[in-house]
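Undergrad: Sharing a structure below in structure tokens format, with a few things to ask.
All of the numbers you see were taken from the coordinates with simple rules; none came from a lab. Bear in mind that the values here come from a model prediction, so they are computed numbers and not experimental data. Every residue, glycine among them, receives a Cβ derived from its backbone with ideal geometry; neighbour counts consider all protein chains shown.
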Amino acid sequence: MKDNQSKRVWEYIDSGKSITRLEAYEKLGIFELPKRISELRQAGYPIGDTWIRVINRYGEKTRVKAYFKIDEENEEQC
């Protein structure tokens, strides 16, 4: 993996954590998380995603995508 941002994303989710676009920006300094996820998937990294419900800064309910490492043995979220 040559891209430092992709490496940071993989190391983060490989540690067992899931990550959203906002978390990627705040914790890893990555603005385009979906692009990094796409690159990792194309390189063969086992990454899944799911929609989660959150409350935005205006108090409104909304959905965001969370990405996580897939346990290849069981095909489940780690």
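Undergrad: Compute a Gaussian network model of the chain, connecting alpha carbons closer than 10 Å, and tell me which residue from 58, 67, 45 fluctuates the most.
TA: 58
Undergrad: From Cα pairs below 8 angstrom and at least 6 apart in sequence, can you work out the relative contact order of the chain, rounded to a whole percent?
TA: Values: 101 pairs, mean separation 23.9, N = 78.
Here the relative contact order equals 31 percent.
Undergrad: Could you size up the charge dipole of the stretch 27-76 around its Cα centre, putting +1 on the beta carbon of Lys and Arg and -1 on that of Asp and Glu, and report it in debye to the nearest 20? Each step should come with its number before you reach the end.
TA: Details: 10 positive and 9 negative charges, 104 e Å.
Roughly 500 debye, rounded to the nearest 20.
Undergrad: For the chain, which span is the longest to avoid every loop-located (per DSSP) member of trypsin sites (Lys or Arg not before Pro) having at most 16 other Cβ atoms inside 10 Å?
TA: On the way: sites that count: 2, 17, 57.
Segment 18-56 is the longest.
Undergrad: Put +1 on the Cβ of every Lys and Arg and -1 on every Asp and Glu Cβ in the chain; which of 16, 50, 30 then has its Cα farthest towards the positive end of the dipole?
TA: Highest projection toward the positive end goes to 30.
Undergrad: Let me ask something else. For the chain, state what percent of all Cα-Cα pairs lands in each successive 10 Å bin, counting from 0 Å until the bin that includes the largest distance.
TA: Per 10 Å bin, starting at zero, the Cα-Cα P(r) for the chain comes out as 19, 52, 24, 5, 0 percent.
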